[in-house]
Structure formats: C-alpha cells, structure tokens
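The values are calculated or read from the model by the stated rules, or taken from the named source; none is laboratory data. Keep in mind the model is a prediction, meaning the values are calculated, not measured. Positions of Cβ are generated from backbone atoms using ideal geometry, with glycine treated the same way; all protein chains shown enter the neighbour counts. Heads up: the accessible areas ignore ligands, DNA and RNA and are worked out on the full protein's heavy atoms, side chains in. Shrake-Rupley method; radii C 1.70, N 1.55, O 1.52, S 1.80 Å.
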Amino acid sequence: FLVYRKIAGPLERLSAAVRAEADRSRPQPVDVAGPAEVASIAQNFNRLAAAIERQLDAGVQFTAIVNAAQDAIISESLDGTITSWNSGAEATYGYTAEEILGRNESVLVPSDRGAEQAHFLSRVAAGHLVDRVETKRRRKDGSLIDVAVTVAPVRDASGVITGAAVVSRDVTNALAAINDLRSSEARKSAILRSALDCVVTIDGIGRIVEFNPAAERTFGYRREDVLGRSLAELVIPPAMREAHNAGLARYLSSGEAPILGQRLELTAQRADGTEFPVEVAITQVELDGPPLFTGYLRDLTEQKKAEVAREALERRLDQSQRLEGLGQLAGGVAHDFNNLLAVIRNYADFIAEDTADNPAVHSDALEIRAAAERGARLTRQLLIFGRRETIQPQLLNLDTVIADLHNLLSRSIGEHVRLVVPPSNGLPLPPIMADHGQIEQVLVNLALNARDAMPTGGTLTIETDVVMLDQDHARIRPGVDPGWYVQLSVSDTGTGMSPEVVAKAFEPFFTTKPKGQGTGLGLATVYGIVSGAGGTISVYSEEGMGTTVRVYLPAAEGTPTDEVGPVAGDRLQGRGETILVVEDEAPMREVTTRILRRNGYRVLEASGGPEAVTMAASQPAQLLLTDVVMPVMSGRDVANAIARHNTQMPVIFMSGYSEGVLGPHHALDDGVTLVQKPFDERTLLEKVRTVLDAVPSEVGQAGGIS
C-alpha cells in the first residue's frame, strides 16, 4: 500500500496523457499536429516512464526490507481484514501469506482479548497511535505467545485513514527472563530478610546501600533511615572510626585489604550508643562499576555471656575437683593426726597442772598445748575445706552471732583497726540453717584476712542484709538456687587485690603473705563452709581501694535455736557411773580413761569392737564412749551390736574424721552425739555429763547407777 501511495499519482497522470494522445490520433476536423508537438509528447512520456520505473524499484526494495524484518508487520483494513503479511509475521504466527490474507485479524486474537482488538482499531480510526502494548496472541498451532504490539493509522494520498499497520514482536522469552530475574531478586530479598546474621553493604566511600532486617534488629535502625548514610558514623564506635576510614581509603588506592575474607571479632555500636562485640566477615561484591563491600556481622553478646558462664563453671569444677582431692587427703590423715594431737594436748595439760609451782616447765607445757591447738585448727580447716568436718546445723540469727562474737573480733584485729558494725535497717533478718561454730569461723577468718590487708590501720565494716539472687546469678554458680538469701558483707579499707589475685583468692594454699605468715587456707575454708551451707560468695577488690567480701546464705524459716550454755564447773564430776571406752589407739585410750577416772567415773577399757561387745554383755555400763574409725568393727557397728542387748545405753562417738556417723551432708545423723578430736578435758567432761544427765532415772538405775 505504501508503494501504491507513491506511484498512484504518476500513474493517474500517465493514464490521462495516454487518453489525450488517443483523442488526438482520431480524425479531427482540425489539422493534424505537427512534428514538434509529437516530439514533446514523446519526451513527456519517457520522463513519466522513467519516474514509474524508479518508483517500482523503490517499492521492490521496500518490500524486501519489510520481509527481512524479524518483527511481524501486517496491514489490515479498518474492519480488521488482513491485506499484507511479511515473513516475520509468518515466523511469529505460523501462517503463510496465502493462508492468512483476506482473513480477519481476530484469528490471531485469544477470545478473552477481542474487546482489546476492537479498541485498538477504534483508536487507529480516530487517528491515534497505539504504541508498544504487551498482550497475548494465538499462533496457528493454538499456543499463546506474549507480544508487544504497535498499531499505526494508514492514510491515502488525500490523507484519509484507510487502514492500519500492525507491528508485533514476540516477547515471550524476554518476559520469562524478566520474570526469572524478578523471581531471583525476590529470592535474594527473601534470603536477606530471613538471614539471622546482619548483612550490611557499603559503597566505596562508606555509604550504606543494603541493610537487612537482622541488622535493623541488632543495631536499632530502620533500613530506610540508614540507606545512603555513613556506616562509620552509625555502627562503628568513635574509637574505631579513624582506622575504618583509613583502611577503606588504603584499599581503594592500593588494593591492600588484609581483612577481606577473614573473620574478626570487633566492637560495634547500637543506635542507643551502647557497644557490643560482633564477629565480622567482609567480602567485596564482584560487579562491574564502583566497588561494593558486604559485611556479615553476628552479635556475640550472648555468646560472650555463655563463655563467661562456662569459664566460671570450669573454674568451679576445677575447684570442686581439687576440693575433693584435698578432702580425701585430709580425711586420710585427720584420724591418726587428731589422735596424736589429742594425746599431745592432754598430756601437756597434765604436765602444766602438775608443774604449777615450776614456772619454766609449766610454761613449756603451755607452749606444747598451744602448738597442738594450732595443729588442731589447721586440721579442722583442711576438713572444712574438704567438706569432711562434722557439722551440726541449726537455725541461727546472723546478727546475733555477730553480736556475740564482737568482743573476740575486736581483740583479734588489734587496736589499729576500727571495727564498725552498723545497726540493722530495722527489719529482722530471717534465720539461716548452719553450724554455729562454722559461721563463727567464717567471721573470724574474714576479719583476720581484712586485718592483714591493713597493716597500718583502717576500718573493718561488717554488715548484714536480705537480698534476692536471680536466675542469672544462680546460673553461673553451681548448687545455688534463685531465692532469698541473708547477705554478710565484710569490707576493709586496705591494700586491695589485683584481678589476678582475686581470681585465685579461694584456691587452697594460695597466699600473698610472706612465707611462714599464712597457710593459704583462710578464704579457702570460708568458701568450703559457705558452699557446704548451700550458699555462695563473691569478692570485689581494687588495688589501693580495699576489698569487700559478700557471703550469701539461704534464708530459712523458723525461730533461731537458743544456745545451750556450758555445764557449770562444779557439775562436771562423775558420780561413779561406769563408762565403756572403746579405742584402738593405746595412747589415745590411756588419755581418755585417765581424764574420766580422775573426775569420778569408773572405766571399762576395750581395744576394739569384738572385745567391747563381749565386755558389755558381762559388765553393765551406763555409757558407751567409742572411737568411730577402727579395724574389724567401726564405732557404729559396736554401738549397734551392744544395742541388741541394751537398747537404752546412750552412745558418744569420738573421732577426728567422723565419716562413719555422718549423713549425706556431713551433718550428724539424728540421735548421734559426737565429741570431736582432739578434745581437751573440759570438752569431754561436758559432753559426758550432758548425755548422762539426759538419761531418765529409771534407765540409769537399771544400768547400775546408785
């Protein structure tokens, strides 16, 4: 139709000229034209023929171009009848020109797109261009394809719209590729959104170009608020910003980037200004154009907390293992060693008593006794620390224990140290369940430790309070449950300790004192007592700023037990009662029987369990006093065997290592009375008198008490 438009005018003029020449060739009543006129006509005709030939050549060339196009180029009338069809249309839709020319374009339009075709033709008829509209078309085989359609009006020589030119391009593969790309981008976006680690991408000048939801949660910023802003100013602490900017500049200028591809532990900053540890791995994004760098960051806050907790548990486990080993060692030597100390101590007393008129010998005997007492205290500390010492838990008021011990503490710390015990806040402390002697030892050990830290004087402050220990505190301290605790705080204004010393403060035999001035068991013993009572302990200290030790003991319910006062001296003497003494160590047996006999008791001696059982069957006694750890039969076995014949006979056990009569928590079993070795004369007599006085009179008479 384009060719036609170009040659229609010249053809019309040619036709008119031929008709005119024919009219002139008929006989006319006028004269025939001369040669000049004929020559002019021929010349005009030749020019016209040449013009037609040029137009025909241009039409052939244009048709070749149209057929060579890959796009479908179709012409149709305004009612949709197809009037031309190029090879691109044949390739696109599958119809040949012979099959499609003269048919309506609706054959190519899916049924749900019919209104769309009518709209296109109405727009063209009105002189408008329909430009690059994506739609669906049907091929000859019935399959549907995606096409981009352009529809333009076609005008005749006079400008009247006579049809439409339709150019279609198959975009099925292109749309699929775009959809794949969109899907891929969606997947990447979903991956970024679901990532647990922070993903932060910056450009070559440090501006943020990607910030995933994990980064939003971790740093406290919204993505839209940080895009385009400086990474250094937002998430890098001020102390690290200069190094960050210098490293980025160095990489851009020289390509040197030692941190790329490595995992580093650094410090980051949240929106609220708080700093926290992160693990960072940085990679360069491989894309054309300016460089991009992506950092993958993981918040290590909880991991660091877990590491601290694990290290604390490992330290506690190590201490527990060493504690167990020390306890086994202490238990192994305590029995024999305490027997020796008891013999030394009591013989020293005998000598001191007999040499009262000889000051030199008397003084020597007292020194021997003092040395034995020091040995006994050391052995007891070992047993306490190793949790092998006998305890007698009872309900105690810690304020009362401190008040009763005030004078002793004042004398122990010396005049150069001021003891301050602030009054309570008005609320009574709940009781604690603990051994009275052990709590006293905790106070004495802490006070002496504080005194030694203040060689030139200072202030020792002892305070109590009630506190709640939460889950976090309990989690890092095995064996401690959350709940209410009575807190004992012992503070000094002394030299303080370094963190390294604090870390080892509770280790057995660790001391910072000069050789010979400390055993290294003071705080270790405190730790053993507090742990055995179900409590915990902490130390805060700074060099030159003093030390505060806080002991936490579980609060108990009930009324504190009234202390039973000592037996008066005039009531310690025996009244002729018979006591069966069972002791396998001859020196210890001799010391024990000597104390009892010189104080008015009759004594039956047995060197072992079988002998004692036989003796008890033939010689009635009012009290069994037996060692615990013996060969063949233990003290408990002896007591059980005698009880089969005399169920009413009371029993006192003697031992420096009383494992055989202890319950699961190293407390005395119900109904068991124990005298701890090494004992002195008064301690033994008080225990014997207390037990005998508690026996009903009819039982005593049945046993032979007169």
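A few remarks follow.
- Net length gained if the chain between ARG602 and ARG155 were fully extended (0.36 nm per residue, minus Cα distance): 146.2 nm
- Efficiency of FRET between LYS140 and ALA177 - r from beta-carbon atoms, R0 30 angstrom, step 0.05: 0.75
- Spin-label pair ALA246-LEU408: with each label point 7 Å from Cα along the Cα-Cβ axis, the two points sit 6.3 nm from one another.
- Heavy-atom accessible surface of the stretch 65-160, averaged per residue, reaches 50 Å², computed with a 1.4 Å probe.
- Label sites at THR162 and GLU557, each approximated as a point 7 angstrom past Cα along Cα to Cβ, lie 11.0 nm apart.
- Surface calculation, 1.4 Å probe, protein heavy atoms: LYS504 sits at approximately 90 Å² accessible.
- Here the gap between ALA125 and THR81, fully extended at 0.36 nm per residue and compared with their Cα-Cα distance, gives a gain of 14.4 nm.
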